[in-house]
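Here's the structure we're looking at; comments come further down.
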Amino acid sequence: MKLSEQISNSDFNGIAQLMRDLTGIHLTESKKAMVSARLSRRIKHLKMSGFPEYCSYVATASANAEREELILALTTNITKFNRESKQFDHLQKHKLPLLIDKARNGGRVRIWSAGCSTGEEPYSLAFRIMDMFPDVLSYDFKVLATDIDRNVVKKARAGQYTDTELASVSEPHLRKYIRKGHGAKSKAQIEKSVMDMITFNVLNLLGEWPFSGSFDVIMCRNVAIYFENETQNELWGKFANKLQSDGVLYIGHSEGISSPMDLGLKTIAPSTFQKTQTTFDSVGKQLIAVNSKEVQ
């Protein structure tokens, strides 16, 4: 395949439809050059003749492994510590004191960072939790962090970051929760106590969710922006159903929920919603959360 070759409209449309089916991500025409460049590397790696052969192959049911590579190639992971920090401030001021009391009184507390990318969001959460609740590991208080990309989950689980990646971490948090590396190329390491609070897993938000317990807080920020409106609405409904009564959902500032009241949610701060009642699905049937299995 020549380096200058570009993906055809029909092949691009086939890839876009496959990505929509697999992940919910909507690839617009403006992403054609990006798709072409990133899939060129896969085609060379597989020693295929070009886009037609690759697109034909990845569309087959036997190409599960390559479909995963396709997802990894075409998903975008942009994040940083304390991104959209006002939401962390809101959580720390209005929700964490209640959750700490709940845990100290023997309750179960779960926070979900959905679309955690390379881990900066869940670690930013953990820093603030440990500030207010230093003995948190002695209680049933856990953070679940998930992403569709196994490579970013692997990096997040390792908890190692460069100085550039740590630039937005406050000095107190750098001193308390991060061990600086030694040597020009070494990376800093998140403290084990912080890492022990978080469970990282690979999860496709459009697939089955392998837990039935509910959450006190869900953060899914700057993920749904890549989905079409219908997929976004379905996702917001699923999140609402997974929230505890009075649970809080944080979404990205560039995202929105068109009819939060229909999902049993009320707006309590910018891009921040609280569950107020039992939620309903798209045809009006009552959704019942089964809490027989703990979120691990």
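The values are calculated or read from the model by the stated rules, or taken from the named source; none is laboratory data. In this text, all values refer to a predicted model and were calculated from it rather than measured experimentally. Counting neighbours? That spans all protein chains shown, and the Cβs are built from the backbone with ideal geometry, glycine included. Quick note on the areas: whole protein, heavy atoms, side chains included, nothing else; ligands and nucleic acids left out. Shrake-Rupley method; radii C 1.70, N 1.55, O 1.52, S 1.80 Å.
Restricting to segment 210-233, count the residues that are farther than 22 Å from Ser124 by Cα and crowded, with 16+ Cβ neighbours inside 10 Å.
Selection size over segment 210-233: 7.
Which members of segment 50-71 meet the condition of being open to solvent by 80 Å² or more (accessible area, probe 1.4 Å), in a loop (DSSP other than H, G, I, E, B) and either among the charged types (D, E, K, R) or at pLDDT 90 or above (or both)?
none
Can you tell me how many residues within segment 118-155 are in a helix (DSSP H, G or I), open to solvent by 20 Å² or more (accessible area, probe 1.4 Å) and within 28 Å of Arg20 (Cα to Cα)?
Looking only at that region, the number is 4.
Filtering segment 234-254 down to residues that are open to solvent by 20 Å² or more (accessible area, probe 1.4 Å) and closer than 25 Å to Lys93 by Cα, which residue is modelled with the lowest pLDDT?
The selected residue is Ser254.
Consider Asp196 against the criteria (1) in contact with a helix residue (DSSP H, G or I) (Cβ under 9 Å, 6 or more places away or on another chain); (2) more than 23 Å from Ala103 (Cβ to Cβ): it satisfies all of them except one. Which criterion is unmet?
(2)
Residues in segment 181-191: is at least one among the acidic types (Asp, Glu), open to solvent by 40 Å² or more (accessible area, probe 1.4 Å) and within 19 Å of Phe133 (Cα to Cα)?
Yes, there is a match, as at least one residue in segment 181-191 is among the acidic types (Asp, Glu), open to solvent by 40 Å² or more (accessible area, probe 1.4 Å) and within 19 Å of Phe133 (Cα to Cα).
Mind checking which pairs have a first residue in segment 35-46 that is touching a residue at least 24 places away in the same chain (Cβ under 8 Å) and a second that is of a type outside the set (Asp, Glu) and open to solvent by 60 Å² or more (accessible area, probe 1.4 Å), Cβ under 6 Å, 6 or more apart or different chains?
Partner pairs satisfying both residue conditions: Ser36/Gln6; Ile43/Met1.
Among the residues of segment 21-42, is any among the β-branched types (Val, Ile, Thr), over 20 Å from Asn229 (Cα atoms) and open to solvent by 40 Å² or more (accessible area, probe 1.4 Å)?
No: zero hits.
Scan segment 72-86 for residues that are of a type outside the set (A, V, I, L, M, F, W, C) and either touching a strand residue (DSSP E or B) at 6+ places or on another chain (Cβ under 7 Å) or part of a loop (DSSP other than H, G, I, E, B) (or both) and jot them down.
Thr75, Thr76, Asn77, Thr79, Lys80, Asn82, Arg83, Glu84, listed by residue number.
Table: residues versus (1) hydrophobic (A, V, I, L, M, F, W, C); (2) within 14 Å of the chain's Cα centre (by Cα); (3) farther than 16 Å from Tyr250 by Cα.
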| site | (1), (2), (3) |
| --- | --- |
| Glu121 | no, yes, no |
| Ser124 | no, yes, no |
| Asp131 | no, no, yes |
| Val136 | yes, no, yes |
| Asp140 | no, no, yes |
| Asp149 | no, yes, yes |
| Val152 | yes, yes, yes |
| Ala158 | yes, no, yes |
| Tyr161 | no, no, yes |
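With respect to Leu144, determine if the residue is in contact (Cβ under 8 Å) with a residue 40 or more places away in the chain, more than 18 Å from Ile178 (Cβ to Cβ) and not hydroxyl-bearing (Ser, Thr, Tyr).
Answer is yes for this residue.
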